[in-house]
Amino acid sequence: MGREARFIVLNGDEAFGAELRSKLLKVEGVKLVAEVEEPALLLQTVQQFPVELLLVNLDPNPEVVLPIVGDVAGANRELAIFAASESTDGQLILKAMRMGVKEFLPKPIDTKALEEAIERIAVDRADAATQGNLITIVGTSGGVGATMITTNLAVELATITGGQVTAVDLDYRYGQVATLLDVDPKHSLADLCSSPETLEPQVIGRALTRHNTGLQVLGRPNHLAEADTITAAACMGIFSSLIQFNDYVVADGPTRFDVSGKSVLALSDVTLLVVQQMVPCVRNALRILENMRDNGYNLDRAKLICNRAGRSSGHLSVNDVTETLGLGLFASIPDDWETASGAINLGEPLLAYSPKSKLRVAIQEIAERLHSPDSQTDDKDTRKQSLIGRIFAAS
Ligand SMILES: Nc1ncnc2c1ncn2[C@@H]1O[C@H](COP(=O)(O)OP(=O)(O)OP(=O)(O)O)[C@@H](O)[C@H]1O
Ligand SMILES: [Mg+2]
């Protein structure tokens with residue numbers, strides 16, 4: 001049984017943030033729920049998000065941060081607090097411990113020491129209230145099929161698990177998750193964001209719209225202007241609640257690197273990058289992967305999906321795509337315009353519209369592999385040496 005550790009990070013240093021993400025997100029079961037830059041916002045954030053762990057960067061002003069840490073520790077006895085600093089001054093360490101810090105991590109953080117500290121605190125997933133997986137679908141160019149994949153993957157997961165699955169539309173402006181499922185959500189992410197108080201899972205549950213397969217849907221805002229009211233903090237509050245009572249949360253986006261994009265990626269267990277055999281797609285995918293790597297996101301959690309594979313690809317093979325990206329292919333989905341557009345126009349999932357089609361079977365298989373990864377060959381074996389890594393190592 002896996003272990004789970006949810007973190008809030010207090011850190012105002014961008015470079016250290018990237019280092020921290022790269023170390024934390026490498027550890028299985030770690031979820032980065034919120035990153036706070038302002039010490040003054042820490043107490044409020046800790047009250048908003050249920051987590052096991054808080055990691056604070058004490059630099060450059062430990063004398064400002066430590067009293068706040070003390071307040072947070074006093075008000076949250078169950079919370080385990082780690083502190084990181086360049087200083088190894090015994091007085092500082094002692095003061096931090098007195099303020100409630102459990103582990104003092106000298107910089108640069110030793111990955112093994114961090115892992116061991118997390119292991120001591122992590123809770124058994126079996127013991128925790130349901131902790132669902134967040135699957136994020138990222139289209140690498142407009143129209144690559146991200147929404148078609150999101151909706152159908154979510155439907156397949158709901159069917160396979162018979163459990164709680166929610167599809168969330170993160171394309172705040174033009175999202176079509178609800179259209180593809182022919183549901184008419186009364187509430188959206190924007191309505192939930194407009195509520196000033198912390199949202200209980202029950203409140204969020206009531207804002208979801210049920211599809212006849214059992215899948216729940218949280219649609220994009222009804223009015224375009226409402227998109228601007230969504231804040232990263234509110235969005236993360238909603239996601240952190242959603243993963244508490246769902247087996248899977250499947251998010252279409254972030255497609256246009258909106259305010260909540262980075263935080264959603266940090267919370268994701270799996271990010272499916274959707275490409276087609278087109279140069280602009282591959283170029284964008286390279287940029288996205290490069291940006292994820294620079295910001296410390298764990299690329300082991302990124303999986304490549306080639307959509308519309310097999311159509312006359314105009315000189316670019318699937319192999320060319322994977323070699324260029326340095327990422328093994330997780331799955332490919334065949335090209336079938338007639339079935340895809342027919343299902344979309346009728347607002348039916350493929351499972352209902354064309355259950356035996358190769359298109360549906362491909363997405364069903366992706367859902368099965370994500371749900372039971374152990375039964376499948378590990379795609380890490382096929383992962384190529386990172387071309388991006390080589391390009392940048394040479395520069
Ligand atoms: N495997 C496929 N075979 C054939 N057509 C497909 C396939 N997947 C998607 N399409 C078609 O591509 C179009 C775009 O799909 P979709 O809306 O899912 O893309 P998207 O990445 O979400 O686009 P956007 O950038 O606008 O959000 C749709 O008309 C759909 O029918
Ligand atoms: Mg879309």
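The values are calculated or read from the model by the stated rules, or taken from the named source; none is laboratory data. Keep in mind it's a predicted model, so treat the numbers as computed, not measured. No Cβ is skipped: glycine too gets one built from the backbone with ideal geometry, and neighbour counts run over all protein chains shown.
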Pairs needed: first member in segment 31-46, farther than 16 Å from Phe7 by Cβ and surrounded by 21 or more Cβ atoms within 10 Å (Cβ to Cβ); second member anywhere, modelled with pLDDT under 95 and hydrophobic (A, V, I, L, M, F, W, C); C-beta distance under 6 Å; at least 6 residues apart or different chains. none
Only one of Ile109, Ile118, Ile81, Ile93 is assigned by TED's automatic domain parsing to the domain that holds Gln47, farther than 25 Å from Gly29 by Cα and either touching a Leu at 6+ places or on another chain (Cβ under 9 Å) or surrounded by fewer than 20 Cβ atoms within 10 Å (Cβ to Cβ) (or both); which? Ile93
Tally of residues being out of contact with any Asp or Glu (no Cβ under 8 Å at 6 or more places or on another chain) and near ligand 1 (Cβ under 9 Å from one of its atoms) across segment 331-368: 14
Looking at Val249, Val165, Val183, Val177 in this structure, which one is over 23 Å from Met292 (Cα atoms), in contact with a Leu (Cβ under 8 Å, 6 or more places away or on another chain) and crowded, with 18+ Cβ neighbours inside 10 Å? Val165
Any residue in segment 316-330 that is more than 10 Å from ligand 1 (Cβ to nearest atom), loosely packed, with under 15 Cβ neighbours inside 10 Å and touching a residue at least 60 places away in the same chain (Cβ under 8 Å)? yes
Among (1) on the phi > 0 side of the Ramachandran plot; (2) out of contact with any strand residue (DSSP E or B) (no Cβ under 7 Å at 6 or more places or on another chain), there is one condition His187 misses while meeting the rest; what is its number? (1)
Verdict on Gly310 being more than 20 Å from Val155 (Cα to Cα) and away from ligand 1 (no atom under 12 Å from the Cβ): no
